[in-house]
Amino acid sequence: MTGSAEVGPARWARAVGHGLYRSAVVTGVTGVLPAIAVPVAFFGFRFARTWSADLSAPLAVLVLVFVGEIAMTLLWTGAAGWFVVAFLGRPLSRAARWAARRWLGVTVEPRYNPVLPVTRMATGFWWNGYAYHESEREARRRASLDARHHDPQLRRDALWLLVAAVTVLPAAAAPLACLAAGGYLLTQAGLLGCGIALCVVGLAAAPFGWRLLGPLGVRLLGASPRSLGRRVEELEAIRADLTQNQAAELERIERGLHDGAQARLVALGMSMGAAERLVDEDPDKAKQILAQARSSSAAALAELRSLVRGINPPVLAERGLVDAVRALALDAALPVEVRSTVPARPERPVESAMYFAVAELLANAVKHARASRVEIDLDYGERVLTATVTDDGVGGIGAAATEPGGTPPGTRPAGSQQAGSGSAGSGQAGSGLAGIERRMAAFGGVLRIDSPAGGPSRITVAVPCALS
Amino acid sequence: MRVVVAEDLFLLRDGLVRLVEAYGHTVVAAVGSGPEALDALLTHRPDVAIVDVRLPPTFSDEGLQAALAARRQIPGLPVLILSQHVEQLYARELLADERGGIGYQLKDRVLDADQFTDALQRVADGGTALDPTVVAKLLGRPTRVDPLAALTDRERSVLELMAEGLSNAAIAARLFLSEGAISKYTTSIFAKLGIAAADDTNRRVRAVLAYLDGSGA
């Protein structure tokens, strides 16, 4: 009862306290760029003016010199701004995202370029996903720098810092400025009233000013809205994958039926025919053949069962994702703990894709990670279904597979080639991950991998969906 | 015995009814959907029921849910669950009330009429009849300290048959050994696994499963 029973003044005091603290943080986060750029501009201009201080020349020349001085000042200011963005853009934007999420519940997902594995091209150069280098060492050393340099998100961060400096910063800093000014006036004789009024305005505004962070952050802190052309490219790749997957699936099912159940049924029919002919002359032999036929029919059933399990696992059809994953965990060769907060069944296609993704991740953990235990968490929140598979294995799972669209154009040409190039550095587990990533991409889902060498590994699959 | 059959495929239901009647039992109700199955189980209180996991109207695990619901109202009501696939998950749910009278078999097992009716009889007597496939999965589960490692191959195969619900005599017949030898093996298994021996087949299975559960993940 503490929250609601709290009396008016106390609640106000708390709101104002929080407001002041948050205003200060938001001011700090958005104020770095102007705090560096404005003094540079100011003193830069003053310094530039000294060049022509004692110059006496015709007016036209003076105007020209003045323009040159302004251009010089702009150059210096731009350089200062560039340094701030290059070195502080990412942490400052991250801090702003943190504040927006923590205090306003606004979640914005940035899309920074991932560091990709280094591969050797046929030309002998080394490609780190963004640039070519002559040696592998150089390519590795420059990998994170190149990823950052070619990052469209960095330009978004710069835009955020610029816009925030003239919008969020004044709004958040105004209450603090009022307080400071009011406090100063209080010390001046005769201005007591003004001082008190300013302080009251500052305190009253404190809980509100910084909230401008929310609406602006939503627009500017996230990933850049992709151009239509880019989106078409991505969709084309996804469609190519889907058609290919579908054809491969059909082929697999056809082969399973043709080589398995169908062949067994033919054999069964032949055995029956033989038994029919023999039943009068050699009843014993006929009985023997019939017994064989029965075991053959049992084998056909077993084959059909395993085929069905690969298409639409029975527990998934009967109980849904959570119990199907539990059943999977029980059958695994490792102790697997399954936790779930998913309240209902997701849409069927998503459910199936998610199930096979988790099955593959679990199989990877068992086969490649040398793990001793695995944990699977299934969660649903904000219309996104996530599955997290954590193991205590050796880690170092290929950083090849990453968020779709997070890679710059050119690194993943299209469709089937993705699997090949994506898994180049990471072997079998990597190609499986690329497959999962492509299947989830069809649903707008993403795959996140956190697997430092030496482990532990944590892989998250997230896909937007509705629950039934 | 009075038997209830719940199976939605007409041919299979018909076949089951004939099979059960051929062995001298009476089929008191043969139904084809989940709600009907629950109704029949509660009104007829059969000596044993044969229930398909997947039934209309939802074609999910209606049959299993009906059986579990009926057993909540009539504890220990003997039910033999048939399915196209066997899952540890479902086996655990069925065995959870520890009252026995539970069968869980692949539909394929119907092909061997003698073994099937034998399993049906064991369930009706309050025992268990688990499909060998699910037993293998249960015993194949990873355990932190593998208590089964201490068992010899022969003891392990005896344990597997025991988990299926077979009596010493039946195990002896399967393995072509004398009953005395089997009882020696079972005593040794119980000693190695640290379970107090009991005559009751049902309790033996429960002891085995409980042990595996407790030492598992």
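Throughout, read-outs are computed from the coordinates displayed, never taken from laboratory work. No experiment lies behind these values; they were computed from the predicted model shown. Virtual Cβ from ideal backbone geometry, glycine too; neighbours counted across all protein chains shown.
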Highest-first arrangement of A:373-379, A:192-198, A:242-248, where packing means the average Cβ count within 10 Å: A:373-379, A:192-198, A:242-248
Rounded to 5, the percent of DSSP beta bridges in region B:2-131 classed as antiparallel: 5 percent
Cα gyration tensor shape of region A:70-170, rounded if a/c is under 1.5, else prolate or oblate by comparing a/b with b/c: oblate
Computed FRET value (nearest 0.05) for residue B:21 with residue A:141, which takes r as the C-beta separation and R₀ as 60 Å: 0.15
Residue-count net charge about residue B:5 - beta-carbon cut-off 12 Å; Lys, Arg +1, Asp, Glu -1: -3
Label-point separation in nm, residue A:132 to residue B:42, each point 7 Å along Cα→Cβ: 7.7 nm
Span-like helix ranges in chain A, DSSP H, alpha carbon extent 27 angstrom or more, Kyte mean at least -1.0: A:8-51, A:59-104, A:168-187, A:228-256, A:283-311, A:348-367
Stretchable slack from residue A:52 to residue A:236, in nm (0.36 nm times residue separation minus alpha-carbon distance): 60.2 nm
Pairwise label distance in nanometres, residue A:42 with residue A:162, each label 7 Å out on the Cα-Cβ vector: 2.3 nm
All Cα pairs of region A:124-258, percent lying beyond 19 Å: 74 percent
Relative intensity, log₁₀ I(q)/I(0), of the protein assembly as shown from a Debye sum that treats every alpha carbon as a point, q = 0.05, 0.06 Å⁻¹: -0.42, -0.57
Region A:169-208 residues near the modelled residue A:18 label - backbone nitrogen below 12 Å, point 7 Å along Cα→Cβ: A:207-208
Burial order of peptide ranges B:39-46, B:107-114, A:458-465 (average beta-carbon count within 10 Å, highest first): A:458-465, B:39-46, B:107-114
For q = 0.12 Å⁻¹, Debye-computed log10 I/I(0) when each Cα of region B:2-131 counts as one equal scatterer: -0.36
